[in-house]
Amino acid sequence: MSGERTTYYITTPIYYADSDLHIGHAYCTVAADALARFNRLRGRRTFFLTGTDEHGQKIEEKARSLGKEPLALVDEVVARILPLWERLGISYDDFIRTTEPRHEAVVQAVFKRLHDQGDIYKAQYEGWYCTPCETFWLERQLGPEGRCPDCGREVRLLKEESYFFRLSKYQDRLLEYIDRNPDFIQPPGRRNEMVSFVRQGLEDLCVTRTTFDWGVPVPFDPDHVVYVWIDALTNYISALGYLSDDPGKRELFETFWPADVHLVGKEIMRFHAVIWPILLMALGLPLPKRVYGHGWLVLDGGKMSKSKGNIIDPHLLMDKYGVDAVRYFLLREIPFGADGRYSEASLVERVNVDLANDLGNLLNRTLTMVEKYCGGVVPAPSPEADDRSLEGLLADVGPRVARAMDDLQIPPALETIWELVDLGNRYIEENAPWNLARDPAKRDRLDTVLYNLLEALRAVAQLLIPFLRETPGRIWAQLGLGGDPAEVRWDEITGWGRLPPGTRVAKGQPLFPRIDPEAALGRGEGE
Ligand code: ME8
């Protein structure tokens, strides 16, 4: 593996600040969080960026309809997002708002540079605009009944004097880049879509608007505001101090750019795999190593979204099931890259099967036996024992989890950890400690079996650190261990024999009490 790589940088796309937060938003941010936590644990210097996308016509219109100033509206949204990220345990290194001066200054400097070098020019725009998507469309691109081909809503005709960005000039360079860098756009299906989109021919992109004010003014022509997507995409470098006068801030840019991974929803691939790379090429900057288009959380056949009225509030789910049940469900259930169907019934099933039955029972049964047969103290394994099944699996699990996480395959990483949980449960059945306890001659064997189970649980607690927020610490405390389980390096977790014999265990409440599906979901309301 690439052990010499010391930096890792992940961004999630930022959010239109007027949308109500739902677990679809939480999904990609929790996924980025797990990847960031994993890379920190592995000792890589990691930078995880998220934030809010706050400009544009849509927000201006919405604020006006509510009788508010746009900034007051976006302030309210940010005040809702930050506590949600706190509760979900999102470990971002920076949260950038596109209304912050540090960002706006970079957008203006980038715009001026591109204009000075002739990549941005002034002309007349005549075409269609979808305000909800903040997207320009040509007549020939419109969907049925002349609607937005992406969201199906009405578009409006714009006739404005505008500035244009020479996308067309970079078309061949982009195709060549995609061809030479097969990992750049992932998964492969999305790469093919992007290639055929670019091959159809890129038109120069309209990059300013004049008919509203809520945006970053063009520095040399302040009647124009910068197109919200150009503004928003720039956050990925403004947050790192690109073009900053402060050497401390530029150090971040020099360390972390190009990004290792951009995680973006599949519907905004075109912005991240076409416009963004061309913007970077025009600035002479390297492109992100990977742009990964993840799928959607869908509900009753459609993308969960406010306009469809089918959103699930993450706070309500956490009130009912707890933060780790929600994080586990999002990370385990949805195949990364594909769409995943959301249902509360499947969340309840994941909690009952994986968390309560498999993991919770393993801990509970093991600690009960340690209390009963060993006076609640971690026994010493027999030095002669040649039983290496759990130890051997752990040695194998570590690198497999790491490989899956490097490939952004989060559900398989969790499945791999559950192999250890499952083997632990089978190991109890196969070794039947209750029988060993009846025969004093088998005392060594009993101690070894129980030690191996406790040590496997110690490893599982630590393997879960990137994924779950509270559970690793709760297992840790029940094993009687002090300190923070996260103060460890990934390669140490998978070493065997780290749990000190003689530790007094502290069996506590079940990790995940079994949920009664009928009581939780109501009869026939499982979806
Ligand atoms: O796109 N399932 O913002 P946004 C999975 N501001 N992911 C979902 C989802 C769902 N049901 N609904 C939303 C924007 N997301 C722009 C980004 S980047 C320069 C600007 C994901 O609030 C969505 O795919 O509409 C996107 O990655 C993110 O949440 C923000 O969506």
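The values are calculated or read from the model by the stated rules, or taken from the named source; none is laboratory data. Here the structure is a predicted model, which means the values were calculated and not measured. When we count neighbours, we look across all protein chains shown, and the Cβ atoms used for this are built from the backbone with ideal geometry, even at glycine. Only protein heavy atoms, including side chains, enter the accessible area calculation; ligands, DNA and RNA are left aside. Shrake-Rupley method; radii C 1.70, N 1.55, O 1.52, S 1.80 Å.
Structure data summary
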| quantity | calculated |
| --- | --- |
| Output for region 256-274, where each listed residue is more than 11 Å from the ligand (Cβ to nearest atom) and of a type in the set (A, V, I, L, M, F, W, C) | Phe256, Trp257, Ala259, Val261, Ala273, Val274 |
| Residues satisfying the stated conditions in region 38-85, i.e. over 18 Å from Arg97 (Cβ atoms) and assigned to a loop (DSSP other than H, G, I, E, B) | Arg42, Gly43, Arg44, Leu66, Gly67 |
| Counted residues, region 275-288 - those being open to solvent by 10 Å² or more (accessible area, probe 1.4 Å) and within 13 Å of the ligand (Cβ to nearest atom) | 1 |
| Qualifying residue in region 483-502 (condition: surrounded by fewer than 19 Cβ atoms within 10 Å (Cβ to Cβ), in contact with a strand residue (DSSP E or B) (Cβ under 7 Å, 6 or more places away or on another chain), outside any helix (DSSP H, G or I) and at pLDDT 95 or above) | yes |
| Any pair with Cβ under 9 angstrom, 6 or more apart, that starts in region 234-255 at a residue that is at positive phi and more than 16 Å from the ligand (Cβ to nearest atom) and ends at one that is acidic (Asp, Glu) and assigned to a helix (DSSP H, G or I) | Gly241/Glu251; Gly241/Glu254 |
| Which listed residue, of Gly293, Gly340, is open to solvent by less than 10 Å² (accessible area, probe 1.4 Å), small (Gly, Ala, Ser) and over 30 Å from Leu202 (Cβ atoms) | Gly340 |
| Residue list for region 392-405, filter: touching a helix residue (DSSP H, G or I) at 6+ places or on another chain (Cβ under 9 Å) and surrounded by fewer than 18 Cβ atoms within 10 Å (Cβ to Cβ) | Asp396, Arg400, Arg403 |
| Residue list for region 39-60, restricted to those being of a type outside the set (Val, Ile, Thr) and more than 16 Å from the ligand (Cβ to nearest atom) | Asn39, Arg40, Leu41, Arg42, Gly43, Arg44, Arg45, Phe47 |
| Wholly within region 126-244, strands (runs of 3 or more DSSP E) carrying at least 2 residues that are over 19 Å from Glu267 (Cβ atoms) and of a type outside the set (Phe, Trp, Tyr) | 156-165, 221-226 |
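Yes/no per residue for (1) surrounded by 20 or more Cβ atoms within 10 Å (Cβ to Cβ); (2) out of contact with any Cys (no Cβ under 8 Å at 6 or more places or on another chain); (3) at pLDDT below 95:
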site	(1), (2), (3)
Tyr163	yes, no, no
Asp172	no, yes, no
Arg180	no, yes, no
Val226	yes, yes, no
